[in-house]
1. Would you tell me the accessible area of Arg215, worked out with a 1.4 angstrom probe on the heavy atoms of the protein chains, in Å² to the nearest 10?
2. Using just the helices of the chain, give the 222 nm mean residue ellipticity in deg cm²/dmol: DSSP H runs with n ≥ 4 each add -39,500 (n - 2.57), and the total is spread over all residues, rounded to 500.
3. What number comes out for accessible area per residue over region 55-115 if the probe is 1.4 Å? Units Å², please.
4. So who's got an amide H within less than 5 Å of the one on Ala223, skipping anything under 5 residues away but keeping other chains? H placed 1.01 Å off N, in plane.
5. Compute the separation of the alpha-carbon centres of region 138-190 and region 194-237 and state it in Å as a whole number.
6. Using a/c under 1.5 as the rounded threshold, could you call the chain rounded, prolate or oblate? The axes a ≥ b ≥ c are square roots of the C-alpha gyration tensor eigenvalues, and prolate needs a/b larger than b/c, oblate otherwise.
7. Name the long-range amide H neighbours of Gly247: under 5 Å, sequence gap of 5 or more, or other chain; modelled H, no Pro or chain starts.
8. Tell me the label-point distance for the pair Ser121, Ala62, using the 7 Å Cα-to-Cβ offset, in nm and rounded to one decimal.
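The values are calculated or read from the model by the stated rules, or taken from the named source; none is laboratory data. Note that the structure is predicted; figures quoted are calculated from it, not measured. As a convention, Cβ positions derive from the backbone with ideal geometry for all residues, glycine included, and neighbour counts pool all protein chains shown. With ligands, DNA and RNA removed, areas are computed over all heavy atoms of the protein, side chains included. Shrake-Rupley method; radii C 1.70, N 1.55, O 1.52, S 1.80 Å.
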Amino acid sequence: MRFPFRAVIAAAVALLPAAAVPLAGPATPAAANGVIIGGTPTSTDQEPWVVALSSRSRFGAARSGQFCGGVAVGPRTVVTAAHCFGREALGVSDWRQLSDLRVIEGRTDLTGEAGEELRLSDVWVNPGFDASTNAGDVAVITLDQALPSGAAIGMAQPSDTALYQDGTQAEVYGWGDTTGRGDYADSLRAAPVTVFADTTCEKAYPGSSDGTYVRATMMCAGAPAGGHDACQGDSGGPLVVAGRLVGLVSWGSGCAQAAYPGVYTRVSAVAALVAQHM
Ligand code: ARG
(Lines give C-alpha, C1' and ligand atoms only; values in the text may rest on other atoms or scores of the structure.)
Protein backbone atom coordinates (compact mmCIF):
# COMPACT_ATOMS: atom_id res chain seq x y z
CA MET A 1 0.00 0.00 0.00
CA ARG A 2 1.29 3.43 -0.91
CA PHE A 3 1.76 5.72 2.03
CA PRO A 4 -0.03 9.03 1.45
CA PHE A 5 3.08 11.11 1.98
CA ARG A 6 1.72 14.32 0.46
CA ALA A 7 -1.29 14.23 2.75
CA VAL A 8 0.96 13.89 5.79
CA ILE A 9 3.07 16.85 4.68
CA ALA A 10 -0.07 18.87 4.04
CA ALA A 11 -1.42 18.02 7.47
CA ALA A 12 1.89 18.88 9.10
CA VAL A 13 2.09 22.20 7.28
CA ALA A 14 -1.50 22.96 8.26
CA LEU A 15 -0.47 22.64 11.91
CA LEU A 16 2.20 25.31 11.64
CA PRO A 17 0.67 28.52 12.98
CA ALA A 18 2.57 30.71 10.53
CA ALA A 19 2.02 28.52 7.46
CA ALA A 20 0.53 30.47 4.61
CA VAL A 21 -1.84 28.20 2.75
CA PRO A 22 0.23 25.95 0.61
CA LEU A 23 -2.35 24.62 -1.80
CA ALA A 24 0.09 23.35 -4.32
CA GLY A 25 2.20 20.80 -2.54
CA PRO A 26 5.95 21.00 -2.09
CA ALA A 27 7.41 24.49 -2.13
CA THR A 28 9.71 23.91 -5.08
CA PRO A 29 12.33 26.67 -4.90
CA ALA A 30 11.55 28.65 -8.02
CA ALA A 31 14.13 30.22 -10.25
CA ALA A 32 12.70 33.54 -9.23
CA ASN A 33 14.30 36.92 -9.43
CA GLY A 34 12.00 39.28 -7.68
CA VAL A 35 8.68 39.80 -6.28
CA ILE A 36 4.95 38.93 -5.75
CA ILE A 37 7.60 37.33 -7.97
CA GLY A 38 9.16 39.78 -10.39
CA GLY A 39 7.01 42.69 -9.31
CA THR A 40 7.12 46.21 -7.94
CA PRO A 41 5.54 47.96 -4.95
CA THR A 42 2.05 49.37 -5.26
CA SER A 43 -0.56 50.57 -2.77
CA THR A 44 -4.16 50.03 -1.79
CA ASP A 45 -4.70 53.75 -2.51
CA GLN A 46 -4.03 52.98 -6.17
CA GLU A 47 -5.76 49.60 -6.13
CA PRO A 48 -8.45 49.91 -3.41
CA TRP A 49 -10.16 46.67 -4.51
CA VAL A 50 -7.23 44.50 -3.34
CA VAL A 51 -7.94 43.18 0.17
CA ALA A 52 -6.22 40.74 2.51
CA LEU A 53 -7.81 37.81 4.35
CA SER A 54 -6.46 37.49 7.86
CA SER A 55 -6.45 35.45 11.03
CA ARG A 56 -3.78 36.33 13.57
CA SER A 57 -4.56 33.30 15.73
CA ARG A 58 -3.78 30.96 12.86
CA PHE A 59 -1.16 32.78 10.80
CA GLY A 60 0.61 35.01 13.33
CA ALA A 61 0.29 38.72 14.06
CA ALA A 62 3.43 39.99 12.32
CA ARG A 63 1.79 40.65 8.94
CA SER A 64 -1.72 41.34 10.31
CA GLY A 65 -2.42 37.60 10.02
CA GLN A 66 -2.58 37.73 6.20
CA PHE A 67 -2.95 34.36 4.45
CA CYS A 68 -4.81 35.00 1.17
CA GLY A 69 -5.82 37.84 -1.08
CA GLY A 70 -9.32 38.89 -2.07
CA VAL A 71 -11.04 41.40 -4.35
CA ALA A 72 -13.84 43.86 -3.61
CA VAL A 73 -16.49 43.54 -6.33
CA GLY A 74 -19.37 45.28 -4.51
CA PRO A 75 -19.90 47.51 -1.45
CA ARG A 76 -20.16 44.49 0.84
CA THR A 77 -18.88 41.73 -1.46
CA VAL A 78 -15.38 40.28 -1.71
CA VAL A 79 -14.40 37.40 -4.00
CA THR A 80 -11.52 35.07 -3.24
CA ALA A 81 -10.42 31.47 -3.87
CA ALA A 82 -12.48 28.55 -2.54
CA HIS A 83 -9.28 26.86 -1.37
CA CYS A 84 -8.65 29.78 1.03
CA PHE A 85 -11.64 28.46 3.00
CA GLY A 86 -10.59 24.81 2.94
CA ARG A 87 -9.66 22.88 6.05
CA GLU A 88 -6.05 22.71 4.92
CA ALA A 89 -5.90 26.52 4.94
CA LEU A 90 -8.00 27.40 7.98
CA GLY A 91 -7.35 24.35 10.15
CA VAL A 92 -11.07 24.15 10.94
CA SER A 93 -13.91 22.80 8.84
CA ASP A 94 -16.10 25.91 9.17
CA TRP A 95 -14.79 29.48 8.89
CA ARG A 96 -17.11 30.53 11.75
CA GLN A 97 -14.89 28.55 14.10
CA LEU A 98 -12.04 30.98 13.35
CA SER A 99 -13.39 33.90 15.36
CA ASP A 100 -10.68 36.38 14.33
CA LEU A 101 -11.14 35.89 10.58
CA ARG A 102 -11.20 39.34 8.94
CA VAL A 103 -11.03 41.12 5.59
CA ILE A 104 -8.51 43.96 5.71
CA GLU A 105 -8.95 46.89 3.32
CA GLY A 106 -6.75 49.95 2.84
CA ARG A 107 -3.60 48.48 4.40
CA THR A 108 -0.76 48.53 1.86
CA ASP A 109 1.78 47.66 4.58
CA LEU A 110 0.60 44.76 6.71
CA THR A 111 2.96 45.69 9.55
CA GLY A 112 0.97 48.91 9.99
CA GLU A 113 -2.57 49.67 11.09
CA ALA A 114 -3.97 51.67 8.17
CA GLY A 115 -7.43 50.93 6.79
CA GLU A 116 -10.04 48.75 8.42
CA GLU A 117 -10.50 45.16 9.53
CA LEU A 118 -13.98 44.01 8.59
CA ARG A 119 -15.93 41.08 9.96
CA LEU A 120 -17.50 38.48 7.69
CA SER A 121 -21.23 37.95 7.92
CA ASP A 122 -21.45 35.16 5.33
CA VAL A 123 -19.24 33.05 3.05
CA TRP A 124 -20.36 31.07 0.02
CA VAL A 125 -17.74 28.54 -1.04
CA ASN A 126 -18.41 27.18 -4.52
CA PRO A 127 -19.75 23.66 -3.92
CA GLY A 128 -18.48 22.85 -7.43
CA PHE A 129 -14.83 23.47 -6.42
CA ASP A 130 -12.83 20.37 -7.31
CA ALA A 131 -9.80 20.07 -5.02
CA SER A 132 -8.08 17.55 -7.29
CA THR A 133 -8.12 19.64 -10.49
CA ASN A 134 -8.67 23.00 -8.66
CA ALA A 135 -11.57 23.78 -11.03
CA GLY A 136 -14.16 26.30 -9.82
CA ASP A 137 -11.84 27.89 -7.24
CA VAL A 138 -14.06 30.76 -6.09
CA ALA A 139 -15.76 31.90 -2.89
CA VAL A 140 -17.90 34.96 -2.14
CA ILE A 141 -17.59 36.80 1.18
CA THR A 142 -20.34 39.09 2.44
CA LEU A 143 -19.03 41.69 4.88
CA ASP A 144 -20.97 42.88 7.89
CA GLN A 145 -20.34 46.50 6.89
CA ALA A 146 -19.67 48.37 3.66
CA LEU A 147 -16.24 49.01 2.19
CA PRO A 148 -15.29 52.63 1.44
CA SER A 149 -17.17 53.86 -1.62
CA GLY A 150 -15.39 53.32 -4.90
CA ALA A 151 -13.41 50.33 -3.63
CA ALA A 152 -14.99 47.79 -5.99
CA ILE A 153 -13.71 46.65 -9.40
CA GLY A 154 -15.90 45.29 -12.20
CA MET A 155 -15.82 41.59 -13.01
CA ALA A 156 -15.14 40.41 -16.57
CA GLN A 157 -18.30 38.98 -18.17
CA PRO A 158 -18.71 36.13 -20.69
CA SER A 159 -18.88 38.65 -23.56
CA ASP A 160 -15.46 40.11 -22.61
CA THR A 161 -13.51 37.61 -24.73
CA ALA A 162 -11.00 40.28 -25.83
CA LEU A 163 -9.64 40.48 -22.26
CA TYR A 164 -8.60 36.82 -22.47
CA GLN A 165 -6.79 36.83 -25.82
CA ASP A 166 -3.37 35.15 -26.01
CA GLY A 167 -0.68 37.79 -25.39
CA THR A 168 -2.87 40.24 -23.42
CA GLN A 169 -0.95 42.19 -20.77
CA ALA A 170 -2.27 41.80 -17.22
CA GLU A 171 -1.24 42.67 -13.66
CA VAL A 172 -1.43 40.42 -10.61
CA TYR A 173 -1.47 41.79 -7.05
CA GLY A 174 -0.69 40.38 -3.63
CA TRP A 175 1.26 40.07 -0.39
CA GLY A 176 2.50 36.56 -1.14
CA ASP A 177 5.88 34.88 -1.38
CA THR A 178 8.40 36.99 -3.29
CA THR A 179 11.05 34.33 -3.92
CA GLY A 180 9.38 30.91 -3.84
CA ARG A 181 11.21 30.22 -0.57
CA GLY A 182 8.65 31.52 1.90
CA ASP A 183 9.62 35.20 1.93
CA TYR A 184 6.22 36.81 2.35
CA ALA A 185 5.85 40.48 1.46
CA ASP A 186 4.94 43.03 4.13
CA SER A 187 3.78 45.49 1.51
CA LEU A 188 1.50 45.04 -1.51
CA ARG A 189 3.20 44.15 -4.82
CA ALA A 190 2.12 43.97 -8.44
CA ALA A 191 3.67 41.96 -11.26
CA PRO A 192 3.10 42.16 -15.01
CA VAL A 193 2.12 38.88 -16.65
CA THR A 194 0.93 37.82 -20.09
CA VAL A 195 -2.31 35.92 -20.67
CA PHE A 196 -1.68 32.61 -22.49
CA ALA A 197 -3.94 30.65 -24.81
CA ASP A 198 -5.87 27.70 -23.35
CA THR A 199 -3.87 25.31 -25.55
CA THR A 200 -0.61 26.56 -23.95
CA CYS A 201 -2.09 26.16 -20.46
CA GLU A 202 -3.35 22.64 -21.25
CA LYS A 203 0.10 21.60 -22.47
CA ALA A 204 1.71 22.94 -19.27
CA TYR A 205 -0.84 21.26 -17.01
CA PRO A 206 -2.22 18.05 -18.54
CA GLY A 207 -2.73 16.70 -15.01
CA SER A 208 -0.50 16.21 -11.96
CA SER A 209 -0.80 16.20 -8.19
CA ASP A 210 -0.78 20.04 -8.38
CA GLY A 211 -3.92 20.15 -10.53
CA THR A 212 -5.25 19.87 -14.07
CA TYR A 213 -5.96 22.77 -16.42
CA VAL A 214 -9.71 22.94 -17.06
CA ARG A 215 -10.51 25.62 -19.64
CA ALA A 216 -14.14 26.07 -18.60
CA THR A 217 -13.21 27.71 -15.27
CA MET A 218 -9.49 28.51 -15.55
CA MET A 219 -7.09 30.76 -17.41
CA CYS A 220 -3.32 30.95 -17.16
CA ALA A 221 -0.78 33.74 -17.35
CA GLY A 222 2.95 34.11 -16.89
CA ALA A 223 6.10 35.43 -18.48
CA PRO A 224 7.41 33.65 -21.57
CA ALA A 225 10.85 33.44 -19.90
CA GLY A 226 9.51 33.04 -16.35
CA GLY A 227 10.38 35.43 -13.54
CA HIS A 228 6.99 37.09 -13.06
CA ASP A 229 4.19 35.29 -11.25
CA ALA A 230 1.92 35.02 -8.26
CA CYS A 231 3.07 32.61 -5.54
CA GLN A 232 1.95 31.13 -2.20
CA GLY A 233 -0.04 33.65 -0.18
CA ASP A 234 -1.32 35.48 -3.25
CA SER A 235 -4.26 33.10 -3.69
CA GLY A 236 -7.67 34.67 -4.08
CA GLY A 237 -6.11 37.95 -5.21
CA PRO A 238 -6.78 39.80 -8.45
CA LEU A 239 -5.51 39.46 -12.01
CA VAL A 240 -6.55 42.64 -13.85
CA VAL A 241 -6.73 43.59 -17.54
CA ALA A 242 -7.73 47.10 -18.59
CA GLY A 243 -9.32 47.89 -15.24
CA ARG A 244 -11.40 44.71 -15.14
CA LEU A 245 -11.06 41.69 -12.87
CA VAL A 246 -10.29 38.75 -15.17
CA GLY A 247 -8.76 36.19 -12.78
CA LEU A 248 -8.28 35.08 -9.18
CA VAL A 249 -4.92 33.62 -8.14
CA SER A 250 -5.50 29.88 -7.77
CA TRP A 251 -2.54 27.52 -8.33
CA GLY A 252 0.60 26.61 -10.26
CA SER A 253 3.60 24.28 -10.11
CA GLY A 254 6.24 26.19 -8.19
CA CYS A 255 6.33 29.89 -8.94
CA ALA A 256 7.61 31.96 -11.88
CA GLN A 257 9.03 29.01 -13.82
CA ALA A 258 8.89 29.52 -17.58
CA ALA A 259 7.28 26.12 -18.22
CA TYR A 260 4.64 26.52 -15.48
CA PRO A 261 2.47 29.64 -15.75
CA GLY A 262 0.21 30.77 -12.92
CA VAL A 263 -3.31 29.38 -13.10
CA TYR A 264 -6.25 31.61 -12.23
CA THR A 265 -9.97 31.18 -11.76
CA ARG A 266 -11.56 32.55 -14.96
CA VAL A 267 -13.75 35.36 -13.62
CA SER A 268 -15.90 35.65 -16.75
CA ALA A 269 -16.92 32.01 -16.22
CA VAL A 270 -17.93 32.45 -12.58
CA ALA A 271 -19.26 36.04 -12.63
CA ALA A 272 -22.90 34.92 -12.85
CA LEU A 273 -22.41 32.52 -9.94
CA VAL A 274 -20.80 35.31 -7.92
CA ALA A 275 -23.64 37.71 -8.79
CA GLN A 276 -26.16 35.20 -7.39
CA HIS A 277 -24.41 35.44 -4.03
CA MET A 278 -24.11 39.23 -3.80
N1 ARG B 1 -2.11 28.26 -4.05
C2 ARG B 1 -1.37 29.44 -3.78
C3 ARG B 1 -1.93 30.16 -2.59
O4 ARG B 1 -2.68 29.55 -1.86
C5 ARG B 1 -1.24 30.31 -5.01
C6 ARG B 1 -0.26 29.71 -5.94
C7 ARG B 1 -0.12 30.47 -7.19
N8 ARG B 1 1.02 29.93 -7.88
C9 ARG B 1 1.51 30.41 -8.99
N10 ARG B 1 2.59 29.87 -9.45
N11 ARG B 1 0.94 31.41 -9.63
O12 ARG B 1 -1.56 31.25 -2.24
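1. Accessible area of Arg215: about 120 Å².
2. On the way: 5 runs with 36 residues, N = 278.
Here the helix-only value at 222 nm equals -3500 deg cm²/dmol.
3. With the other protein chains kept in place, region 55-115 gives 37 Å² per residue.
4. Close amide H contacts, sequence-distant or interchain: Thr194, His228.
5. 15 Å
6. Values: a/c = 1.27, a/b = 1.07, b/c = 1.18.
It comes out rounded by the Cα gyration axes.
7. Amide H to amide H, under 5 Å and 5 or more residues apart or across chains, Gly247 pairs with Leu239, Val267.
8. 3.6 nm
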